[in-house]
Amino acid sequence: MIIDANVQPHFRYNAEIRKYLPAAHRLRSIPDVEQQWYQAPGGNYREDLYGEHYPGSDRDTVARHLFDDGGVDYAVLNPLTRGNIADYLLNSRICAAVNDWLLDRWLEPDTTNRFRGTIRVNPEDPKGAVAEIERLAAHPKLVQVGVPMQSREPYGKPMFEPIWEAAAAHRLPVAVHINGGNGVDYPPTFAGHAHTYPGYAAFMPLNYFVHLATLIIEGVFGRHPDLKFVFADGGYDILTPLMWRLDTFWLSMRDQTPWVDRYPSDYLPAHVRFCSSAFDGPTDPGQMQRWMEFSGKADLLMYGSGYPHWSASSPADAADGLDSSQRDNVLWRNASELYGLVAQVEGTTV
Amino acid sequence: MLERRFVCSLDELPPGAMKLVDVGKFGVGVYNVDGSLHAIVNYCSHEGAPLCLGLIGGTNEPAPDEPGGIRRVRDGQIVRCPWHNWEFDVTTGQNLADPKRRVRTYRVDVADGQVYLNA
């Protein structure tokens, strides 16, 4: 079995979202999903996918590429929204429109039963985000909550906690993924704006660590034993040295956050998962197996193709250099446990 | 081989005080915590700093219903290493973050107003 935990389905064309917006918001100005300062030089999507409509917008084509050509059994769809736009109420309606579109165009007509979806919510509107989770949590094909990597505050801060509490109450993991569209965001690196796309693409995913560190240190994981976060842009190659730093500081300054009652790194197995990325890991595959054992990454990592992104990776790419147990963990076991997905298609071996 | 050593008279070791005894390679700190006497080695389990030269005080525990979210407890019982701030409970030798990282403790007794260290 293979589970692809990170696929971005797209609207066929930018204005398609308006069909799913309520009348009061239908004619509002909404950023184009492609309106970003940093774009891959050769186009953001796989070259062969450009056509009349957005790449990744035709369900049958996506199913053919992932399931038939790629050998994937399940794909978790995590659509982008349109950036952290300043009108947070409008942004929440955009999230709801994306969710309704995902149900209408992808999940409900899907007879293969291989697609799963994400409930997109807007963390800048905690009340609206909780309401959106409550509206859709019971849907059997919606298996996680999705929020942008871009945030004006780290996700461990208390104003976000009601959202995480609602997700945990429904046993839905929260997936953090770099959003499309251009919003009122802070710079993509810790030290400001990158010059070009490589600087952006190399460092933007690393912002996850600030969310992760604050979720631990502010006690959010400690208060919500069922809360799980998925960092879907990779960045797990820096996990170990940063957790070492966090563990070290905690030993010295534990009394400032006494609710953290174990090593920060001890929270990882129960609360944190990553999706694979083409940019993570040692450049020499010979070092892969040993590297995966650091911080127990073999139990944390799930294959995520990033389809239809230009850097989408195949299951074989993601498993390159891994031993057979690590390979099973990454290609299906970790995701199977997280999302409760079991092999159901005839002729598929587990 | 433990030896019972005279430290000082009890008057010289009031609550809150510490006497460093020159014994063994690193010395041993004898503490009076609220009238009860305890001793730990003067050697931090982290990197070997002179632990007993650290400040003695309390630590914090979570207090979710209080405005600051934390409250001070075990006052006079916690020594903080002068190098990296690791906290140890002088009554048990345990590190507060990781109880497995402990320091050695020694028995202290009082006879006729005199304090003795068994180290």
For this session: Kindly tabulate the residues in the stretch B:61-76 with an accessible-area decrease of at least 20 Å² between the chain alone and the assembly of all protein chains, using a probe of 1.4 Å.
Result: B:Pro62, B:Ile70
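Averaged over B:44-52, how many beta carbons belonging to a partner chain fall within 10 Å of each residue's beta carbon?
Partner-chain Cβ atoms within 10 Å, mean over residues of B:44-52: 0.
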Exercise. How much area per residue is accessible in chain B when the probe is 1.4 Å and only protein heavy atoms are counted (Å²)?
Worked result: 54 Å²
Seminar exercise, completed: Expressed in µm² per second, the diffusion coefficient of the stretch A:213-350 from the Stokes-Einstein equation, with Rh the Kirkwood radius over alpha carbon pairs, at 4 °C and 1.567 mPa s, is 80 µm²/s
Exercise. To two decimal places, what compactness ratio does the stretch A:42-121 give when its Cα radius of gyration is scaled by 2.2 N^0.38 Å?
Worked result: 1.21
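For the stretch A:1-157, what is the convex hull (Cα atoms) projected area averaged across all directions, in square nanometres?
10.3 nm²
Taking 51 Å as R0, compute the FRET efficiency from the Cβ-Cβ separation of A:Asn113 and B:Arg104 and round it to 0.05. Before the final figure, lay out each step's value.
Details: r = 62 Å, r/R0 = 1.22.
Efficiency, rounded to the nearest 0.05: 0.25.
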Seminar exercise, completed: HN-Hα couplings for the stretch B:96-108 via Karplus (6.51, -1.76, 1.60; θ = phi - 60°), in whole Hz with x for Gly/Pro, come out as 6, 6, 9, x, 6, 8, 9, 10, 6, 10, 9, 7, 10
For this session: Over the stretch A:257-325, give the accessible area per residue in Å² for a 1.4 Å probe, as an integer.
Result: 43 Å²
Exercise. Any idea what Rg and Dmax come out to for the stretch A:101-244 if you just take the C-alpha atoms, in Å?
Worked result: 15.9, 47
Problem set entry | Relative contact order for the stretch A:225-313, counting Cα pairs under 8 Å that sit 6 or more residues apart, in percent | 36 percent
Exercise. How would you rank A:105-115, A:142-152, A:164-174, highest first, on the average number of other Cβ atoms within 10 Å across their residues?
Worked result: A:142-152, A:164-174, A:105-115
Seminar exercise, completed: Given a 1.4 Å probe, the accessible area of the stretch A:74-171 per residue, as a whole number of Å², is 33 Å²
Exercise. Over chain A, what percent of the accessible surface lies on carbon and sulfur atoms, probe 1.4 Å?
Worked result: 53 percent
For this session: Return the ratio Rg/(2.2 N^0.38 Å) for the stretch B:14-119, where Rg is computed over Cα atoms only.
Result: 1.11
For this session: Would you please put A:317-323, A:4-10, B:50-56, A:270-276 in order of how densely packed they are, using the mean number of other Cβ atoms within 10 angstrom per residue and starting with the highest?
Result: A:4-10, A:270-276, B:50-56, A:317-323
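Given a cut-off of under 8 Å on Cα pairs at least six residues apart, what relative contact order in percent is computed for chain A? Kindly include the intermediate steps, with their values, before the conclusion.
On the way: 613 pairs, mean separation 72.3, N = 350.
Relative CO of chain A lands at 21 percent.
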Problem set entry | Efficiency of FRET from Cβ geometry, B:Thr92 and B:Glu61, R₀ 22 Å, rounded to 0.05 | 0.85
Seminar exercise, completed: Here the averaged projected area of the stretch A:89-162, based on the convex hull of its alpha-carbon atoms and given in nm², is 5.1 nm²
Problem set entry | Minimum 50 Å² accessible area buried by the other protein chains, the stretch B:97-114 residues, probe 1.4 Å, relative to alone | B:Ala97
For this session: Could you tell me what % of all Cα pairs in the stretch A:192-276 have separations over 20 Å?
Result: 37 percent
Problem set entry | Whole-Hz couplings from phi, Karplus 6.51/-1.76/1.60, listed for the stretch A:245-257; x for Gly and Pro | 4, 5, 4, 5, 5, 5, 4, 8, 10, 3, 5, 6, 9
Seminar exercise, completed: Distance in nm between B:Leu10 and A:Arg12 label points, each 7 Å along Cα→Cβ, equals 9.1 nm
Exercise. To the nearest 20 debye, what is the magnitude of the charge dipole of chain A about its Cα centre, counting +1 on the Cβ of each Lys and Arg and -1 on the Cβ of each Asp and Glu?
Worked result: 780 debye
Seminar exercise, completed: Per DSSP, the loop-located GluC sites (Glu not before Pro) within the stretch B:7-108 having at most 10 other beta carbons within 10 Å are B:Glu47
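I'd like the interface area for chains B and A: accessible area of each alone minus the complex, both sides summed, 1.4 Å probe, protein heavy atoms only. What is it in Å² to the nearest 100?
Looking at B and A, the buried total is near 1100 Å².
Using a 10 Å cut-off on Cβ to Cβ distances, tally the other chain neighbours for every residue of A:255-262 and report the average as a whole number.
Rounded to a whole number, the mean comes out at 6.
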For this session: Run a plain Debye calculation on chain A (Cα atoms as equal point scatterers, no solvent) and give log10 I(q)/I(0) at q = 0.08, 0.11 Å⁻¹, rounded to two decimals, same order as the q list.
Result: -0.35, -0.70
Seminar exercise, completed: Carbon and sulfur atoms account, in whole percent of the 1.4 Å probe accessible area of chain B, for 49 percent
Exercise. Across peptide A:44-52, how many C-beta atoms of other chains are within 10 Å of each residue C-beta, on average?
Worked result: 0
Exercise. Stokes-Einstein D for the stretch A:1-73 at 37 °C, 0.692 mPa s, Kirkwood Rh over Cα pairs, in µm²/s?
Worked result: 228 µm²/s
Problem set entry | Set A:Lys19/A:Lys157; A:Lys19/A:Lys141; A:Lys141/A:Lys297 screened for pairs whose C-alpha atoms are more than 25 Å apart | A:Lys19/A:Lys157; A:Lys141/A:Lys297
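The values are calculated or read from the model by the stated rules, or taken from the named source; none is laboratory data. Since the structure is predicted, the reported quantities are computational estimates derived from the model, not experimental observations. Every residue, glycine as well, gets a Cβ built from its backbone with ideal geometry; the counts of neighbours run over all protein chains shown. Protein only, heavy atoms only, side chains kept; ligands, DNA and RNA dropped before computing areas. Shrake-Rupley method; radii C 1.70, N 1.55, O 1.52, S 1.80 Å.
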